[in-house]
Amino acid sequence: MRIAIANFTHESNTFVAAPTPLDAFHIYRGQDVIDHYTPTFHEVAGYIAGAEEYDFTLVPLFSANATPGGALTNEAYETLVGELLTSIRAAMPLDGLLLALHGAMVAEGFPQADGETVRRVRELVGAGFPLVVTHDYHGNVPPGLVADATGLIIYKTCPHIDQRERGVEAAELVARTARRDVQPVSAIVKPPVIFNIAFHNTNSGPMKPLMDAAIALEKQPGILSVSIAAGYQYADVPWMGPSIVVIADGDIALAQREAERLGEMMWASREQLIPRIPKAAEAVAMAMASSQWPVSLFELGDNVGGGSAGDATIVLEELLRQKADGWVVTLYDPESVAHCVAAGIGGRVDLRTGGKLDKQHGPTLSVSGRVRTLHDGTFEETERRHGGARYGDQGLAAVVEVNRTGPGKGGLLILNSLRIPPMSIHQITCMGIQPQQQKILVAKGAVAPRAAYEPVSSRIIEVDTAGATSISRPAEEFAQARKDLYEWRR
Ligand SMILES: [Zn+2]
């Protein structure tokens, strides 16, 4: 039995002006797909493990993914989806396909691009062909995608640490479908709420009982899989918001009934979905007043994993204004890194840093200090962390000691040359910084960095800041999203 595997993923933030071009994508083909993903915790690693467990021959086709950012250009989308379709056609005859799609890809002309991709794949492979899709928990799933796929399986954790298991589960579903052991039928329900990212943690808050109910439902006879996508509010697309997907074995009425039951449960939690989160001034004061360190501040408006700039200065400006010490802030600023390299280790630099990519993420600041470390920016993560990656690369990077001679002991500013989200603590430790010796760690993210930062932090404080991933964007800034979402009409 020959099952093809492919990966085409991007989380697209429609509030980021710069589009994501073709050359932003890392591409692997054929055997390289297997070699790249095997040592990771990504769902493609689960597909690979599943081939052995469920006894099928892997046909690795193609993998393309890029750091979250603006919508794909038409060239990027058409080229990559074109290669995906060509590679499927070339690999035929096949008994099934496992396809990893993010669920929040937007392309020029296709606000629900993953839905368009599945539509084109289905058109190519024909009705009845086993086509199992996996999604990130932050997908904005359109009902059409669920209709076109044989089954959709979504991560159950945020931070996403179960990707590999979901890949194995998808492999099982495609194999059992191809062998005609099961006949998957799916229902999707989309409760009219935004489900703010502030509540996406699956270990606490309003999502935990919902996910527990989904997991319990999977044990019921006749149910093959139950998924909840929390949605992705940084995309103005028709189906922005959460989704509940239930796959039953041949019994569509059962799938529909149970999806609606979970949908009612989510709807009943709507009053709990209104965030109350401090702004930067209050959050920094709270961190400074802590009796146990380090405290981690999560800068929500510059959630790099959600597509933002990575160079927001809003929290840094407040740390400087309140003369905090023992802080660590990371900014994406290749230009400043070049200045640090020119100055050399121990050299003094006067920098204009941050706030350079756009006007949403705070002002460019004047910062002076001494270059403490220069590093090639690569690191390895062997623990299970959000995204499942093993090897990280923040590009050529520098640490600048700021205000060491001024009041307090100042802080450490990490400047890097590749815009990457803070999913691994080794982004900091590789620079020679020990988190336990610091007081305030700033991570540019919402929930995803928890897997990396909870083990080293006494406490995590979320900070409501402006930016491309602001959690309090008003309804008026959305044109395509449904207008009946509870948070907007309460
Ligand atoms: Zn995600």
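Values computed for the structure shown
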read-out	value
Evaluation of M266 against (1) surrounded by 20 or more Cβ atoms within 10 Å (Cβ to Cβ); (2) closer than 29 Å to G70 by Cα (one fails), failing number	(2)
Helices (runs of 4 or more DSSP H) completely within region 274-365 that count 3 or more residues being under 25 Å from G205 (Cα atoms)	280-288
Pick from region 132-144, criterion under 20 Å from the mean Cα position of the chain (by Cα) and more than 11 Å from the ligand (Cβ to nearest atom), ranking: surrounded by the fewest Cβ atoms within 10 Å (Cβ to Cβ)	P142
Residues that are among the aliphatic types (A, V, I, L, M) and at pLDDT 95 or above, drawn from region 17-53	L22, A24, I27, V33, I34, V44, A45, I48, A49, A51
Total residues in region 377-394, condition touching a His at 6+ places or on another chain (Cβ under 8 Å) and either within 16 Å of the ligand (Cβ to nearest atom) or under 22 Å from G346 (Cα atoms) (or both)	4
Matching residues, region 150-171, being within 13 Å of A51 (Cβ to Cβ) and either in contact with a strand residue (DSSP E or B) (Cβ under 9 Å, 6 or more places away or on another chain) or not in a helix (DSSP H, G or I) (or both)	G167, A170, A171
Options A66, A91, A107, A76: the member that is within 16 Å of the ligand (Cβ to nearest atom), modelled with pLDDT of 95 or more and touching a strand residue (DSSP E or B) at 6+ places or on another chain (Cβ under 7 Å)	A66
Of all residues in region 1-15 being within 24 Å of E108 (Cα to Cα) and outside any loop (DSSP other than H, G, I, E, B), the one that is farthest from the ligand (Cβ to nearest atom)	A6
Condition broken by A479, with the remaining ones in (1) surrounded by fewer than 18 Cβ atoms within 10 Å (Cβ to Cβ); (2) among the small types (G, A, S); (3) over 29 Å from G231 (Cα atoms); (4) touching an Asp or Glu at 6+ places or on another chain (Cβ under 8 Å) satisfied	(3)
Considering residues of region 339-360 that are among the aliphatic types (A, V, I, L, M) and free of Cβ contacts under 8 Å to residues at least 40 places away in the same chain only, the residue nearest to G411 (Cα to Cα)	I345
Meets criteria (touching a residue at least 40 places away in the same chain (Cβ under 8 Å) and either more than 16 Å from the ligand (Cβ to nearest atom) or within 26 Å of M288 (Cβ to Cβ) (or both)) for L374	no
Residue check for S291: away from the ligand (no atom under 16 Å from the Cβ) and among the hydroxyl-bearing types (S, T, Y)	yes
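Per-residue answers, yes or no, for (1) touching a residue at least 40 places away in the same chain (Cβ under 8 Å); (2) within 16 Å of the ligand (Cβ to nearest atom); (3) within 25 Å of A481 (Cα to Cα):
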{"site": "I153", "(1), (2), (3)": "yes, yes, yes"}
{"site": "R164", "(1), (2), (3)": "yes, yes, no"}
{"site": "E169", "(1), (2), (3)": "yes, no, no"}
{"site": "R176", "(1), (2), (3)": "yes, no, no"}
{"site": "R179", "(1), (2), (3)": "yes, no, no"}
{"site": "N201", "(1), (2), (3)": "yes, yes, yes"}
{"site": "P221", "(1), (2), (3)": "no, no, no"}
{"site": "A229", "(1), (2), (3)": "yes, yes, yes"}
{"site": "Q233", "(1), (2), (3)": "yes, yes, yes"}
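The values are calculated or read from the model by the stated rules, or taken from the named source; none is laboratory data. This one's a predicted model, so the numbers in the text were calculated from it and none came from an experiment. A quick note on method: Cβ atoms are made from the backbone with ideal geometry, for glycine too, and the neighbour counts reach across all protein chains shown.
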